[in-house]
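K.L.:
Structure in structure tokens, see below.
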Amino acid sequence: MEKDVEITAARVLSMGQSTIGFEIPPEFDGMDTVCATRIVQAFRVRFSKSCDAGVCQRLSNALLEPANPFAARSRRHVRQEAIILGTLVLAALGLAVYFNLSAVVR
């Protein structure tokens, strides 16, 4: 671009979108497109390499805090979200049982 040209609003408006091109640069010309089958295949490869593929391990990872890498023998504590969700589910089940049993007695 010319270095001695003063940039004004009129010059910018006169240039318009002619300098802002949407052409694909040459380095991206041979780029592969991603499709759903390739994404699913990548997920399957990734999860097959997973070291914690067991159901119990995945459930414990969802319910417990991450392990402390500096203390290998330390216990994992229950996540606060799991405690709150469990309390809400137990309260809902308790209320459902209570109201169903009280409706049967009458």
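K.L.:
Any idea which of (1) of a type in the set (Ser, Thr, Tyr); (2) modelled with pLDDT of 80 or more; (3) assigned to a helix (DSSP H, G or I) is the one Ser14 doesn't satisfy?
P.N.:
(2)
K.L.:
What are the residue pairs meeting all of these: first residue in region 54-68, first residue without any contact (Cβ under 8 Å) to a residue 12 or more places away in the chain and more than 12 Å from Ile83 (Cα to Cα), second residue of a type outside the set (Val, Ile, Thr) and open to solvent by 90 Å² or more (accessible area, probe 1.4 Å), Cβ atoms under 9 Å, and 6 or more apart or on different chains?
P.N.:
Every condition considered, the pairs that remain are Gln57/Cys51.
K.L.:
Can you work out which of the residues in region 75-100 that are of a type outside the set (A, V, I, L, M) and either under 28 Å from the mean Cα position of the chain (by Cα) or closer than 15 Å to Leu63 by Cα (or both) is least open to solvent (accessible area, probe 1.4 Å)?
P.N.:
By that ranking, first place goes to Gly86.
The values are calculated or read from the model by the stated rules, or taken from the named source; none is laboratory data. Because the structure is predicted, anything quoted here is derived from the model rather than measured. Virtual Cβ from ideal backbone geometry, glycine too; neighbours counted across all protein chains shown. Calculation scope for accessible area: heavy atoms of the full protein, side chains included, ligands and nucleic acids excluded. Shrake-Rupley method; radii C 1.70, N 1.55, O 1.52, S 1.80 Å.
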